[in-house]
Amino acid sequence: MNKRLAIFDLDGTLLDTVADLANATNYALSLCGYPTHPTEAYYQFVGNGINMLFFRALPEEARTEENVMRIRSLFVPYYNEHNADDSRPYAGIPELLELLQDKEIIIAVASNKYQQATKKLVQYFFPTIHFAAIYGQREGVPVKPDPTIVNDILEVTGIAREHTIYIGDSGVDMQTALNAGVESIGVSWGFRDEQELRENGACHIVSKAEEIVALLEA
C-alpha cells in the first residue's frame, strides 16, 4: 500500500471509552433530573462530538441548545477527572502502535472527542508513542465527517493523500476518509458494526489489530 501516515480515530478504534462516556453523561443527566441510559445505549449516541452525544441522550422534548450546554457544563469537569477510570486500549493496539513506530510510519489521531480529553487519553495510554498530531474537536473546526481534521494533519506532516491511511470504527470515520480523499480501514471491534462500515465506503475491514500491519505491508 506504500503508506507513510496512519491516522487513527480514538473512541472505538484505539480505546474502548464507552463506559466512561456513559457514566459521565448519566451523571450530568441525573443532576438535571433527566432519565439515564444503560451503557449499551451509548454505542449509538457517540461519534459526532459531545454536543450531539448530549442531544441524543436527552429526552426528545428536552433537546434544546440550552439543555445541551447545561449537560455539557456538568459533563466536562466530571469527565476530565474520570475519563480513564474504565477506558482501556483494545487488544493488540499498544503493540500495533509500537510496531508502526518501529517501521517509521507516522502516527496521528483525529477524533470528535473534545481536544482536552483527546490529548490526555492518548498521552496517558500510549506514553511511548510519538504522535505527529493529536487532534480532537477544536473550537471553530467542524467535526468529522468534515475532512478538515484530516487535511490539518496532512498539512502538519507533509504527507500526500495517496500515502495516507485513515483507520476508524464508524460510518462517520469512513465518510471522513472519503471526504478527505484518503484510503480507509474500518475496524470491526469498535462501537459500530461491519455493515455500517461497508455502507459508508470502507476500503478495507479488519477484525484484529495485527491485520492492519498486514494490509500496510501488502
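A few points about this structure:
- Only one entry of 188, 207 meets the criterion of being in contact with a strand residue (DSSP E or B) (Cβ under 7 Å, 6 or more places away or on another chain), more than 18 Å from residue 133 (Cβ to Cβ) and without any contact (Cβ under 8 Å) to a residue 24 or more places away in the chain, and that entry is 188.
- Entirely in segment 1-104, the helices (runs of 4 or more DSSP H) that have 3 or more residues that are small (Gly, Ala, Ser) and surrounded by 15 or more Cβ atoms within 10 Å (Cβ to Cβ): 18-31
A quick yes/no check of all residues on (1) among the polar types (S, T, N, Q); (2) farther than 24 Å from residue 137 by Cα; (3) outside the structural domain of residue 171 (by TED's automatic domain parsing):
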| residue | (1), (2), (3) |
| --- | --- |
| 11 | no, no, no |
| 22 | no, no, yes |
| 98 | no, yes, no |
| 110 | no, no, no |
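- Every condition in (1) over 21 Å from residue 165 (Cα atoms); (2) within 13 Å of the chain's Cα centre (by Cα); (3) aromatic (Phe, Trp, Tyr) holds for residue 27 except the one numbered (2).
The values are calculated or read from the model by the stated rules, or taken from the named source; none is laboratory data. Predicted, not measured: the structure shown is a model, and the values here were computed from it. A quick note on method: Cβ atoms are made from the backbone with ideal geometry, for glycine too, and the neighbour counts reach across all protein chains shown.
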